[in-house]
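For reference, the structure discussed in these notes is given below.
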Amino acid sequence: MAKSVRALSEYTKEYNERFQTMMDHGLKSREDNYKQEMADILRLGVSKKPRVLAIGSGNGEVDQFVINTLLDTYDDIHYCVVEPASSPLNDFKRLIQSYENRWNSVTFDFHEEGINEYLAEGGASENFDLIHAFHSVYFFRDAGSVLSQLYGMLRHDGMLFIKVAAGAIEKWYLQRAKISNIFFPHSCQVQELSSRELPSITMEITCRPYTMNITECFNENSEDGNKMLDFINQKLDYRRSTPLKQVEYCLHFLRDECSEVRNDEILFLLVDDDIVVRKV
Ligand SMILES: C[S@@+](CC[C@H](N)C(=O)[O-])C[C@H]1O[C@@H](n2cnc3c(N)ncnc32)[C@H](O)[C@@H]1O
């Protein structure tokens, strides 16, 4: 009999394990062009010491591209990180040690909590030149209100930079919403919320396609495959807690509607949307 359904986001350790499995199977390839992307996007209208708010940084692997890009222009940076999971935060602190010479002019301020808690505890009165949320907006409670508060915290000429899933993942969430009424914000919804909640703004959206290999999801005995299915569905133990017919439907949809099959490999056609809002 199917076991009860558990939201993956409530199991921090398991969530991060599954995220790493996704990275190992190709999710990490999205970072191939980050150096150039950051250089193209991160033009801040500030002359010195930018203040940055990083939301849901995980282990800081992506933040390092932000920090290194800003260090090409600025000598002094204030970098505030809001991340509820302690294990990746410790990895982030180790990453800082590995950059000890290059990053010694960066002042870090870590908050081990979610963004809603940070804002409620006084964070909303802080001001920043750059606020970024890379693949973390999915976890904001009342995302519209959070986005509106974040926009209000931007200094003049500041930038809100959100990375959010589109492509295959978005297609599956939209399909799943039709059959199971589950809400999980993706690119269209974040764009809609931003247009509705933020004062008349201009949004720049850049789509960045890449693929990851989900072949192992189709082998029910594969540990990695089952972890990827958990992540894709944001459910812990998805295969065992979901009725067989639904699992089969999901697998067919992922393969036939969201992937390209090449030499027996099933390549998930992912897209990251970069949504950039500048405060003028
Ligand atoms: C998909 S990972 C993204 C990590 C990294 N930013 C990246 O792009 O690779 C999502 C991150 O958001 C964090 N997170 C979960 N709930 C959050 C919340 N309420 N506020 C802020 N971050 C949250 C998770 O712990 C995790 O590190």
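Could you check which residue among Ser200, Ser57, Ser241 shows the biggest mean-square fluctuation in a GNM of the chain with a 10 Å Cα cutoff? In this elastic network of the chain, the residue with the biggest mean-square fluctuation among Ser200, Ser57, Ser241 is Ser200. On the basis of the beta-carbon distance and an R0 of 22 Å, Arg155 and Asp40 show a calculated FRET efficiency of 0.55. Backbone geometry of the range 60-69 corresponds, through the Karplus equation with coefficients 6.51, -1.76 and 1.60 at θ = phi - 60°, to 3J(HN,Hα) couplings of x, 4, 7, 4, 4, 5, 5, 5, 5, 5 Hz, x marking Gly and Pro.
Say R0 is 22 Å: what FRET efficiency, to the nearest 0.05, do Glu257 and Asn219 get from their beta-carbon distance?
Between Glu257 and Asn219 the formula returns 0.65.
Dividing the summed -39500 (n - 2.57) terms of all DSSP H runs of n ≥ 4 by the residue count of the chain sets its mean residue ellipticity at 222 nm at -12000 deg cm²/dmol.
Mean-square fluctuations from a GNM of the chain, with a 10 angstrom spring cutoff on Cα atoms, peak among Thr211, Thr107, Thr21 at Thr107. Cross-link pairs exceeding 19 Å between alpha carbons, from the set Lys35/Lys163; Lys13/Lys227; Lys49/Lys163; Lys28/Lys163; Lys28/Lys227: Lys49/Lys163. Under 5 Å from the amide H of Phe110 lie the amide H atoms of Val81, each residue being 5 or more positions distant or on a separate chain, with H modelled from the backbone and absent for Pro and chain starts. Over the C-alpha atoms of the chain, the Rg to Rh ratio, Rh being the Kirkwood estimate, stands at 0.97. Computed from Cα atoms, the angle from the helix 187-197 axis to the main principal axis of the chain rounds to 40 degrees. HN-Hα J couplings of the range 130-136 from phi, Karplus 6.51/-1.76/1.60, θ = phi - 60°, integer Hz, Gly and Pro as x? These are the phi-based 3J(HN,Hα) values: 9, 10, 10, 9, 9, 6, 10 Hz.
Read-outs: derived from the displayed coordinates by stated rules, not from any lab. What you see is a predicted model, and the numbers here were worked out from it, not measured in a lab. Using ideal geometry, Cβ is built from the backbone for each residue, glycine included, and neighbour counts are taken over all protein chains shown.
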